[in-house]
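Each remark here refers to the structure printed beneath this line.
The values are calculated or read from the model by the stated rules, or taken from the named source; none is laboratory data. Here the structure is a predicted model, which means the values were calculated and not measured. Note that each Cβ is placed from the backbone with ideal geometry, even for glycine, and that neighbours are counted across all protein chains shown.
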Amino acid sequence: MTMNNKGFDLWATSYDQTVQVSDQNEEYPFAGYDEMMDVLFEKANQLPCSKILDVGIGTANLAHKLYNEKHRITGIDFSQNMLEIAKGKMPFAKLHLADLSKGMPQQLQDEKYDIIMSNYALHHFEDATKVKIIKSLLSLLEPAGELFIADISFDTELAQQKCKERNIHHWDDDEYYFIATKLLPVVSNFAHVQYKKYSQCGGIWTIKNKG
C-alpha cells in the first residue's frame, strides 16, 4: 500500500514490532533486516564521531545506536510521529520533517557528511526518482564518504516475481523495489556502486563518488 505522511504517523507506534515479526519469520518485506542493520552499524562505526545523515530515519532503530557511540546524527523523515519517537531516543540529534519527493531540505544543502544511510525508504520512489535522490545524496558526501542503502532488493526481475508469487496475499504493488540488473548499470555511470544480497528480499547498496 502507498502511504502518505499521515499513514506513517499512524504506523509509527507499531512499526518496530512489524519489522521484528517479519524479520524473525524470514518473510517479505523485512527478511534480513536485523542482519543488514548490524552490517551497517559496523560500517558506520569505523571512525569516531562521524557526521551521519539518515534519510528516512523513521524510529531511529539504527541511528540511535550510532548516536550512543557519539556520532553526530542528522535525520530526515516525512512522518512527524516517527521523528518524535526518534527524538525521544536521540535528544540532541538534528531532525528535520521533509518530503524527499520535493527534493532535499534546504537545511542540508550546505552540509557534508562522512556517512549517509537510507534504510527501507527509497522503495517508495520509482527508479528515475531513486537515481535523482542518489545523485543528490552523493553531493552531500565528504570526498571519502559513503552512501549505504538497505532496502527491499532483488538480483533480477525474475527473483522479484518469484517472491511476489510466494507472498501474493500481502504483496504491495504500489512500491518500487530495487532490482540489481536494472539499477547497477545506471548508477555505475556516475558512481562506484556495489550490491550485496542478504535475504530473499533484502540487500545493501554501497555507493561512492567517482574521482
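Yes/no matrix, rows are residues, columns are (1) assigned to a loop (DSSP other than H, G, I, E, B); (2) over 13 Å from the mean Cα position of the chain (by Cα); (3) surrounded by fewer than 20 Cβ atoms within 10 Å (Cβ to Cβ); (4) among the charged types (D, E, K, R):
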{"position": "23", "(1), (2), (3), (4)": "no, yes, no, yes"}
{"position": "34", "(1), (2), (3), (4)": "no, yes, yes, yes"}
{"position": "46", "(1), (2), (3), (4)": "yes, yes, yes, no"}
{"position": "49", "(1), (2), (3), (4)": "yes, yes, yes, no"}
{"position": "75", "(1), (2), (3), (4)": "no, no, no, no"}
{"position": "82", "(1), (2), (3), (4)": "no, yes, no, no"}
{"position": "88", "(1), (2), (3), (4)": "no, yes, yes, no"}
{"position": "96", "(1), (2), (3), (4)": "no, yes, yes, no"}
{"position": "114", "(1), (2), (3), (4)": "no, yes, yes, yes"}
Review point. Residues in the range 33-61 that are under 17 Å from residue 206 (Cβ atoms) and touching a strand residue (DSSP E or B) at 6+ places or on another chain (Cβ under 6 Å): how many?
Key: 9
Practice item. Would you mind stating whether residue 92 is out of contact with any Cys (no Cβ under 9 Å at 6 or more places or on another chain) and either within 28 Å of residue 209 (Cβ to Cβ) or part of a helix (DSSP H, G or I) (or both)? Key: no
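Residue by residue, here is whether (1) of a type in the set (A, V, I, L, M); (2) modelled with pLDDT of 95 or more holds:
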{"residue": "8", "(1), (2)": "no, no"}
{"residue": "22", "(1), (2)": "no, no"}
{"residue": "26", "(1), (2)": "no, no"}
{"residue": "36", "(1), (2)": "yes, yes"}
{"residue": "46", "(1), (2)": "no, yes"}
{"residue": "50", "(1), (2)": "no, yes"}
{"residue": "78", "(1), (2)": "no, no"}
{"residue": "91", "(1), (2)": "no, yes"}
{"residue": "99", "(1), (2)": "no, no"}
Review point. Within the group 144, 150, 128, which residue is part of a strand (DSSP E or B), surrounded by fewer than 22 Cβ atoms within 10 Å (Cβ to Cβ) and at pLDDT 95 or above?
Key: 144
